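Asks: Structure in structure tokens, see below.
The values are calculated or read from the model by the stated rules, or taken from the named source; none is laboratory data. Remember, predicted model here, so these are calculated numbers, not experimental data. Here Cβ is always computed from backbone atoms with ideal geometry, including for glycine, and neighbour counts include all displayed protein chains.
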Amino acid sequence: MTERPQRPEVPLTGGEREILTGLLDYHRATVAWKSGGLTEAQARRAHLPSELTTVAGLVAHLTLNEWFWFAVVVGGEEDTWEAKLEQDPDAEFRVPSGTTLETLLADYEKQSARSREIVAEHGLDDEVTHKDETFNVRWVLAHMIEETARHVGHLDVLRELTDGLTGE
């Protein structure tokens, strides 16, 4: 089954900010499309050898990455996950049993919206420092495009294995 979702158009011309944020928003919308409409069991099913590579786990991971890179690194918020991840480096992939896919997707959209706000408050050349490493906002956007696109590929495979849904 092939489906063509409604996703934002990526600008083919325009400024660097519009192209970078457009690419990231396109991939964010693809996360929602590839993850939406599944049952809770389907969202938690591990088709791959890694038990953590599930639709639910990937959405949770991407939500944490949005928060970390934009709110913590760029926005300067406190990193409240650091201790958890030191104890369990895969903690963000472990979704509590009572957390629904609907909640995960709503949290992802909410965090993505907050990320957009944070990016809008900064120039691409603005430098931010986290743990003695300096990044500019442009690099953070490029990294999040790469991170999100990589996991969209995982979601694409998981979705096809789950119910046969295919499409770009």
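Asks: Taking only pairs six or more apart or across chains, which ones have beta-carbon atoms under 8 Å, a first residue in the stretch 70-89 that is closer than 19 Å to Arg114 by Cβ, and a second residue that is of a type in the set (Gly, Ala, Ser) and in a helix (DSSP H, G or I)?
Replies: Here the result reads Phe70/Ser115; Ala71/Ser115; Glu77/Ala71; Trp81/Ala91, each pair linking the stretch 70-89 to a residue that is of a type in the set (Gly, Ala, Ser) and in a helix (DSSP H, G or I).
Asks: Could you name every one of the helices (runs of 4 or more DSSP H) located completely within the stretch 68-168 that has at least 1 residues being within 14 Å of Arg28 (Cα to Cα), at pLDDT 95 or above and among the small types (Gly, Ala, Ser)?
Replies: 101-120, 137-163
Asks: Just checking, how many residues over the stretch 41-55 are closer than 12 Å to Leu101 by Cα and either loosely packed, with under 14 Cβ neighbours inside 10 Å or in contact with a strand residue (DSSP E or B) (Cβ under 6 Å, 6 or more places away or on another chain) (or both)?
Replies: Residues that pass the stated criteria total 1.
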